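Participant: I have a structure here, written as structure tokens, and I will follow up with some questions on it.
Every read-out reported here was derived from the displayed coordinates using simple, explicitly stated rules and does not represent laboratory data. Everything numeric here is computed off the predicted structure, so don't read it as measured data. Every residue, glycine as well, gets a Cβ built from its backbone with ideal geometry; the counts of neighbours run over all protein chains shown.
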């Protein structure tokens, strides 16, 4: 049964086939609330179908026992076989826990063609490798430090990432600080605190990218500073698809950080003053073929660039 609720949610009544947590053995039906629409994170339940529902205790509801959303792992039972098998195995699992994850670098490879476009409205995100150019960090050290008990006993565990950049280790239940070191020239990584519950797990995904810097000044053909105009960092093979964009300040200066490695170019069209300037590629070319290509190593800096905008022909 699916009913509208007074607060903009819908109420769904389920017959319980199997319960793993939160329900007593005598409870044969349960009411679950979810938002009325996908944009509000509501899960679209169909009458007569079976589901594995992940929920939390419903608040401020006179009817609902639990709430759920598209951001949980709730899914049609026919697609949730692995989850069901894992949930059924939990009582037989030891009281230890697992910490696992991976370590990859965003490369922004100019030859990479994404298979999918990521949307905030995706109920389940696509595989990261289908959307972004990634390089696995093979053989990287991952340090896992206990945060419970006497300080003298908090000895770090070091594990290495495998050929797929993944890592995993068995730990006692408790809190841990997980850290990794990015290669030289890449953005620093933040330590992650995880709580690994008995019979459960903790997950950490480390991501980094090249940390280059480009600084310069945008000028008119008369040598005047051009402020409040967008400058775009692009790949020469895709000049219409900015990797980064930055608006110049009142003095015409611009700065790009986290600049990726590889071949790069700069583009501007004076878009906020388009009655005056034409599209220009650094340093002063009407086309990408005449642009000065910047070839970057990870962490490289290029400072003091002078980018002169072309005037529009009257």
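Participant: With N set to the number of residues, divide the alpha-carbon radius of gyration of the stretch 149-215 by 2.2 N^0.38 Å and report two decimals.
Facilitator: Dividing the Cα radius of gyration by 2.2 N^0.38 Å gives 1.37.
Participant: Report, in whole Å, the centroid distance computed from the Cα atoms of the stretch 208-251 and the stretch 13-90.
Facilitator: If we compute the Cα centre of each part, the gap is 49 Å.
Participant: For 192, 18, what ranking results if the residue with the fewest other Cβ atoms within 10 Å of its Cβ goes first?
Facilitator: 18, 192
Participant: Just want the ordering: 138, 113, from fewest to most Cβ atoms lying within 10 Å of their own Cβ.
Facilitator: Result, fewest neighbours first: 113, 138.
Participant: Still on this structure: Starting from 0.36 nm per residue, how many nanometres of slack lie between residue 222 and residue 247 once their C-alpha separation is accounted for?
Facilitator: Length difference between fully extended and current span is 7.0 nm.
Participant: Using only the alpha-carbon atoms of the chain, report the extent along each of the three principal axes, biggest first, to the nearest angstrom.
Facilitator: Result for the chain: principal-axis Cα extents of 83, 55, 33 Å.
Participant: Do the sum for the chain: with -39,500 (n - 2.57) for every DSSP H run of n ≥ 4, divided by all residues, what is the mean residue ellipticity at 222 nm, to the nearest 500 deg cm²/dmol?
Facilitator: -1000 deg cm²/dmol
Participant: Separate question: Expected output is a single nm value to one decimal: the length gained when fully extending between residue 119 and residue 191, i.e. 0.36 nm times separation in residues minus the C-alpha distance. What is it?
Facilitator: 23.1 nm
Participant: Got the relative contact order for the chain handy, in percent, Cα pairs under 8 Å and 6 or more residues apart?
Facilitator: The normalised contact order for the chain reaches 12 percent.
Participant: Taking the radius of gyration and the Kirkwood hydrodynamic radius from Cα positions alone, what is the Rg/Rh ratio for the stretch 2-90, to two decimal places?
Facilitator: A ratio of 0.94.
Participant: Quote the convex hull volume per residue of the stretch 94-209, based on C-alpha atoms, as a whole number of Å³.
Facilitator: Per-residue hull volume (Cα only) is 132 Å³.
Participant: Give the relative contact order (percent, whole number) for the stretch 2-90; include only Cα pairs under 8 Å separated by 6+ residues.
Facilitator: In percent, rounded to a whole number, it is 24.
Participant: Right, next: Can you give me the pair-distance distribution of the stretch 164-314, C-alpha pairs, 10 Å bins, whole percents?
Facilitator: Values per bin, smallest distances first: 11, 32, 22, 14, 12, 7, 2, 0.
Participant: Got the relative contact order for the stretch 94-209 handy, in percent, Cα pairs under 8 Å and 6 or more residues apart?
Facilitator: Normalised by residue count, the contact order of the stretch 94-209 is 37 percent.
Participant: Please arrange 177, 52, 233 by counting, for each residue, the other beta carbons lying within 10 Å of its beta carbon, fewest first.
Facilitator: The order, fewest Cβ neighbours first, is 177, 52, 233.
Participant: Let me ask something else about it. Take residue 83 and residue 15, extend 7 Å from each Cα along the Cα→Cβ direction, and tell me the distance between the two endpoints in nm.
Facilitator: Taking the two extended label points, one gets 2.2 nm.
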